[in-house]
Every structure is written in C-alpha cells, then in structure tokens.
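These notes concern the structure reproduced below.
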Amino acid sequence: PARIRVQHLNEMVANGEVLTALTCYDALTARILDAAGIDILVVGDSIGNTALGFSSTIQVTLEDIERATSAVMRGTTRAFIIADMPMGTYEESPAQAIRTAIRLVRAGADAVKLEGGEAFAPTVEALTKAGINVVAHVGYRPHADAALGGPRVQGRDEEESEAIIDDAVSLEKAGAIAVVVEMVPGKLGAKITEILSVPTLGIGAGYRTSGQLLVWPDMAGMTEWQPSYAKRFGEVGAALSNAVTTFRTAVKGREFPDKEHSF
Ligand code: KIV
Ligand code: NA
C-alpha cells in the first residue's frame, strides 16, 4: 500500500475515522505494526524510557532518534512516520530546529515533533516554511517534567486549560499539521479537538481526540508497569519470556538443536 500522507490523515478524520498511532523504535516491530494497519508510527524519545533503559526521555540524543527513524522507515510501507526532536535539539533557535529536522527527514520522517507551547510558534512556522511537516505536543510534556511538577494531568483548572488551548491554537496557526495532546482531562482533549481543524492525537486525553496514541511496550504488555491511561492489550512480555524459557530448557536438556535443526 502507498505511504500515508498528511492529506490522507485529514481525509480519514473528515470521514469520521479515528486515527491509530503507536510509538515504534525498530524495524522488527515496525513491520508488525505497519502490517496491522496502524496509521501513524511515532519514533518517540520514549525510546529512552523503553528500549534504552533510561528513566526519562531527557538522555535521548538526535543520533538515537535518527537511527531509530531510519529503521522504522525500512520496516514500513504504509504508516506515516513522526520523529521526535529530542530535548536540546530545537529549543535554541528556529535555525537549530531546521538543522535537526532535516536530519530526521533524511532518515525517513514524514513529520517531526516538538514539545512546547505558544513560545514555539515561530519555530513551527520556520520549519513549515522550510517545507517540513511539524507535529506539536502540548499538555504534559516530558522534556519539561521538572517544570510541570512531574507526570501529572495538565489543564485541570480553568487557567491551565485555557493556556493549553491557546498553545494548541497558536501552534496550528503557525502551521502544525497535527497536535499531540498528552495527559489532560477528556473534556479538554475534546475541546481542543473541536477548536482545531488539524487532527489531534491523544495520549491520556480521553476518547474524543482525532486519534489515539500509545507507547507500544505499554499497550502490548512488555512492561511491568504502565501509566493508568494505557490499557494492556496483550501480554507480549509473557509470550517472549515463555519462548526464552523454553529455549533455555531445551538447550540445557540437550534437546536443541535436534537433527532437524542441524547440518
Ligand atoms: O516520546 C513519545 O513516545 C511521545 C508520545 C507522546 C508519542 O512523545
Ligand atoms: Na516524546
């Protein structure tokens, strides 16, 4: 199937279809998610908390995302690929953001994503003018974890809620092709979606966003713990553990390799 483009995402939403989005960090997984028909794969800097074993996204480098993006690109034929710009690779200036974004587009990204509110509208505008698709990310923003008081629901009160709406509106005006909305009350997720004309991708933002996004190891049951908004749709960790245990037992018991698996 042909690669999904921005206009196809917009068409799906206009037709009343909910967009499906998952994070992805490697080609093996990308092949599975793409074949299952997931519309959007986000090469998120959640690669830090997941595949790379850090406790946050803050240690993730541009090289980490660049390599992962090219792997996801090679593992897919259909999914729209969004690559995260890691902390420290876009905040200084629009020029810095453009240099970073070009590397990710070269690696295979269909769009780049940055965290931040209204203050990043000029950066979004510069990237857009440079011909690069930008996805904004509002609400809970992992790069600003310390400033936001840790991973907690954003926009619970009127003032905070209005500020997040203003952020989303100004980023759309600046040219963002979509907005990720993370950890906000469902009512706010719905309101932002209603106000914007570009798709919203909700993660812990209720059921009325244009799309639903989850971190794949969370939704697949690869982790011991996952955020309360992330449903466990499978037990992939247990399945892998079972395969590994069976392999180990077979080798220790000299049952593997057998004749069939030997030359
Ligand atoms: O890094 C990440 O996984 C994200 C999610 C919101 C997709 O930014
Ligand atoms: Na991210």
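For segment 139-164, filtered to residues that are among the charged types (D, E, K, R) and under 16 Å from Asn49 (Cα atoms), the residue that is nearest to the chain's Cα centre (by Cα) is Arg141.
On the stretch given as segment 170-209, residues that are farther than 22 Å from Val18 by Cβ and among the hydrophobic types (A, V, I, L, M, F, W, C) total 1. Right, Thr69: crowded, with 22+ Cβ neighbours inside 10 Å, without any contact (Cβ under 8 Å) to a residue 60 or more places away in the chain and among the hydroxyl-bearing types (Ser, Thr, Tyr) or not? It is true that Thr69 is crowded, with 22+ Cβ neighbours inside 10 Å, without any contact (Cβ under 8 Å) to a residue 60 or more places away in the chain and among the hydroxyl-bearing types (Ser, Thr, Tyr).
Of all residues in segment 91-123, those that are outside any helix (DSSP H, G or I) and surrounded by fewer than 16 Cβ atoms within 10 Å (Cβ to Cβ) total 2.
If I filter segment 20-67 down to residues being hydroxyl-bearing (Ser, Thr, Tyr) and within 12 Å of ligand 2 (Cβ to nearest atom), which single residue comes out as farthest from Gly204 (Cα to Cα)? Steps first, please.
Narrowing segment 20-67 to residues hydroxyl-bearing (Ser, Thr, Tyr): 20, 23, 25, 29, 46, 50, 55-57, 61.
Checking the rest, the ones that are also within 12 Å of ligand 2 (Cβ to nearest atom) come to 23, 25, 46, 50, 56-57.
Numbers: Thr23: 14, Tyr25: 21, Ser46: 15, Thr50: 18, Ser56: 18, Thr57: 18 Å.
Selected residue: Tyr25.
Filter segment 124-147 for residues that are assigned to a loop (DSSP other than H, G, I, E, B), touching a residue at least 12 places away in the same chain (Cβ under 8 Å) and more than 16 Å from ligand 1 (Cβ to nearest atom); which is farthest from Thr209 (Cα to Cα)? Quick ask: steps written out before the conclusion?
First pass over segment 124-147, keeping only residues assigned to a loop (DSSP other than H, G, I, E, B): 130-133, 140-141, 145-147.
Filter once more, keeping what is touching a residue at least 12 places away in the same chain (Cβ under 8 Å): 130, 132-133, 140-141, 145.
Adding the requirement that they be more than 16 Å from ligand 1 (Cβ to nearest atom) leaves 130, 132.
Working: Ala130: 28, Ile132: 24 Å.
Restricting to residues being assigned to a loop (DSSP other than H, G, I, E, B), touching a residue at least 12 places away in the same chain (Cβ under 8 Å) and more than 16 Å from ligand 1 (Cβ to nearest atom), the top hit is Ala130.
Taking the listed residues Thr61, Thr57, the one that is among the polar types (S, T, N, Q), in contact (Cβ under 8 Å) with a residue 12 or more places away in the chain and in contact with an Asp or Glu (Cβ under 6 Å, 6 or more places away or on another chain) is Thr57, with no other qualifying.
To keep it simple, each residue is scored yes or no on (1) part of a loop (DSSP other than H, G, I, E, B); (2) touching a His at 6+ places or on another chain (Cβ under 9 Å); (3) within 16 Å of ligand 2 (Cβ to nearest atom).
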site: Leu188; (1), (2), (3): no, no, no
site: Lys191; (1), (2), (3): no, no, no
site: Val198; (1), (2), (3): yes, no, no
site: Tyr207; (1), (2), (3): yes, no, no
site: Leu213; (1), (2), (3): no, no, yes
site: Glu224; (1), (2), (3): yes, no, no
site: Ser228; (1), (2), (3): yes, no, no
site: Phe233; (1), (2), (3): yes, no, no
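Residues in segment 20-53 that are over 17 Å from Gly75 (Cα atoms) and part of a strand (DSSP E or B): 1 in all.
Restricting the search to segment 148-175, which residues are outside any helix (DSSP H, G or I) and either in contact (Cβ under 8 Å) with a residue 24 or more places away in the chain or not small (Gly, Ala, Ser) (or both)? Write out each step before concluding.
First, the residues of segment 148-175 that are outside any helix (DSSP H, G or I): 148-157, 174-175.
Listed by number, the residues that qualify are Leu148, Pro151, Arg152, Val153, Gln154, Gly155, Arg156, Asp157, Ala174, Gly175.
Does any residue of segment 77-90 turn out to be of a type in the set (Lys, Arg), in contact with a helix residue (DSSP H, G or I) (Cβ under 7 Å, 6 or more places away or on another chain) and within 19 Å of Leu214 (Cα to Cα)? Within segment 77-90, one or more residues are of a type in the set (Lys, Arg), in contact with a helix residue (DSSP H, G or I) (Cβ under 7 Å, 6 or more places away or on another chain) and within 19 Å of Leu214 (Cα to Cα).
What are the residues in segment 15-43 that are under 14 Å from Ala178 (Cα atoms) and either without any contact (Cβ under 8 Å) to a residue 24 or more places away in the chain or surrounded by 18 or more Cβ atoms within 10 Å (Cβ to Cβ) (or both), if any? Working first, answer last.
At the first step, the residues of segment 15-43 found to be under 14 Å from Ala178 (Cα atoms) are 18-21, 39-42.
Once the filter is applied, which keeps residues that are under 14 Å from Ala178 (Cα atoms) and either without any contact (Cβ under 8 Å) to a residue 24 or more places away in the chain or surrounded by 18 or more Cβ atoms within 10 Å (Cβ to Cβ) (or both), segment 15-43 yields Leu19, Thr20, Ala21, Asp39, Ile40, Leu41, Val42.
No lab work stands behind these numbers, since they all come straight from the coordinates. Predicted model, so just to flag it, every value in this text is computed and none were measured. When we count neighbours, we look across all protein chains shown, and the Cβ atoms used for this are built from the backbone with ideal geometry, even at glycine.
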